[in-house]
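Take a look at the structure set out below.
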Amino acid sequence: MRTCIKNTALHMAICAALAVTACAEAPPSGSASASAPGFNPIITDRFTADPAPIVHDGRVYLYVGHDEAGPEDMFRITEWLVYSSDDMRNWQAHGPVMQPTDFAWAIRDAWASEVQEHDGRFYFYTAVEHDDTHPGKAIGVAVSDSPTGPFVDARGSALVSNDMTTQADHSWDDIDPTVFIDEDGAAWLYWGNGLLYYARLADNMIELDGPIRIAPVLHFEEGPWLHRHDDIYYLTYAGIDPAVSPDEQIHYSTAPAITGPWTYRGMLTGPATNSFTIHPATVEFEGQWYLFYHDGTLTIDGVEGGLGRRAVRVEYLYHEPDGSLRAVEQTGRGISVPPQD
Ligand code: FUB
């Protein structure tokens, strides 16, 4: 049995080529055990990854992938779950909202998702593995009248398939969709791995309405997330500065418009403990900003966390007067303590 230590794009390709049977990092020496509301990780009964929060009607809804990798898997994620909270600290589980095979054209892999509310409906954008008609990762969009689903395929086909983006030299560049509706009502889709793609969405939210472009962004790896604060657009993402670590860190860039140009502003966090991936998401709830991410420190019933058994966490996020973001420390206390001034 071979063991993969890191999950870089190159390494994933090597793993696939070698038919590797186990991809894992060394387990942590300890795991978070505090149970106070707001302590990290915030979901402790299951392994969860790729957090995607939205606010609706006074509640935060948090969409995650359900990590279930065993010793033979790098990732095994067969469903997306949703949790909700009215205080960001006590989370109610609503169960699965969808599985990849609910898209008739998809075969597996409930990779990162994001929900966008529009005209009273909830659009679930997500990455899955397409069947042999368009091999590679693809982006689907599903819709529901409720933030807790169930979601159903809104198109009957992928919104973005691998053959629509030919610039990358690997098949998983069409992942990690994030949608932002601008002040003029136009919706924009950003996504990517290695390359950061973007395109305008049609008013119906389920078709592209314009060309797919590439945004040059320093250190970009995957997991883009967009928000706006005052007049500044923030693009937060999992990036790799090799001078820092071969594992992903959270970086951010800012722009004067949703289409850029993006100016690199720095590193928001270092790498996650015991996880190559870190996957950021931001949200404002009741006047306070938060940063979600995941790491691999949770242990459940003796099963240790790792690359394919991650745990979602949250910290306070602060915008400085000059438009920068304050560096975020990954903590166990999380938001169980009050925010700073
Ligand atoms: O969870 C599967 C993949 O790992 C996501 O799509 C990436 O963002 C990374 O977290």
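The values are calculated or read from the model by the stated rules, or taken from the named source; none is laboratory data. Quantities reported herein were computed from a predicted structural model and do not represent experimental measurements. When we count neighbours, we look across all protein chains shown, and the Cβ atoms used for this are built from the backbone with ideal geometry, even at glycine. To get the accessible areas, we keep the full protein, side chains included, count just its heavy atoms, and leave off ligands, DNA and RNA. Shrake-Rupley method; radii C 1.70, N 1.55, O 1.52, S 1.80 Å.
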- Message: Restricting to Cα pairs below 8 Å that are 6+ residues apart, what does the relative contact order work out to for the chain? Please round to a whole percent.
- Response: 17
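Might you report the magnitude of the Cβ-based charge dipole of the range 46-85 about its Cα centre, with Lys and Arg at +1 and Asp and Glu at -1, to the nearest 20 debye? Don't skip to the end; give the middle numbers.
On the way: 3 positive and 7 negative charges, 43 e Å.
Result for the range 46-85 is approximately 200 debye, rounded to the nearest 20.
For Cα pairs less than 8 Å apart in space and 6+ apart in sequence, what is the mean separation divided by the residue count of the range 164-304, i.e. the relative contact order in percent? Walk me through the numbers before you get to the answer.
Values: 312 pairs, mean separation 20.6, N = 141.
Averaging sequence separation for qualifying contacts and normalising by length gives 15 percent for the range 164-304.
What area, in nm² and to one decimal, does the C-alpha convex hull of the range 234-341 cast on average over all directions? Kindly include the intermediate steps, with their values, before the conclusion.
Working: hull surface 32.5 nm².
Averaging across all directions leaves 8.1 nm² for the Cα convex hull.
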- Task: Just the ratio, please: alpha-carbon radius of gyration of the chain over 2.2 N^0.38 Å, N its number of residues.
- Result: 0.91
- With only helices counted (DSSP H, runs n ≥ 4, each -39500 (n - 2.57)), the per-residue ellipticity at 222 nm for the chain, to the nearest 500, works out to -1000 deg cm²/dmol
- For the range 168-239, list log₁₀ I(q)/I(0) at each q in 0.18, 0.20, 0.23 Å⁻¹, using the Debye formula over Cα point scatterers of equal strength and ignoring solvent, two decimals each. -0.70, -0.85, -1.07
- Residues of the range 265-315: accessible area per residue at 1.4 Å, in Å²? 26
- Message: To check my understanding: the extent here is largest minus smallest coordinate of the Cα atoms along each principal axis. What are those three numbers for the range 31-187, in Å, largest first?
- Response: 47, 47, 26
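Rounded to the nearest percent, how much of the accessible area of the chain (1.4 Å probe, protein heavy atoms only) is carbon and sulfur?
Details: 6630 of 13560 Å².
It is 49 percent, rounded to a whole number.
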- Task: Please name which of Ala327, Ala69, Trp105 has its Cα lying farthest along the dipole of the chain towards the positive end, using unit charges on Cβ (Lys, Arg +1; Asp, Glu -1) and the Cα centre as origin.
- Result: Ala69
- Item | Residue-by-residue Karplus 3J(HN,Hα) for the range 314-322, coefficients 6.51, -1.76, 1.60, Hz, glycine and proline x | 8, 9, 5, 10, 10, 8, 7, x, 7
- Evaluate the charge dipole of the chain about its Cα centre and quote only its size in Debye, nearest 20, assuming +1 on the Cβ of each Lys and Arg and -1 on the Cβ of each Asp and Glu. 640
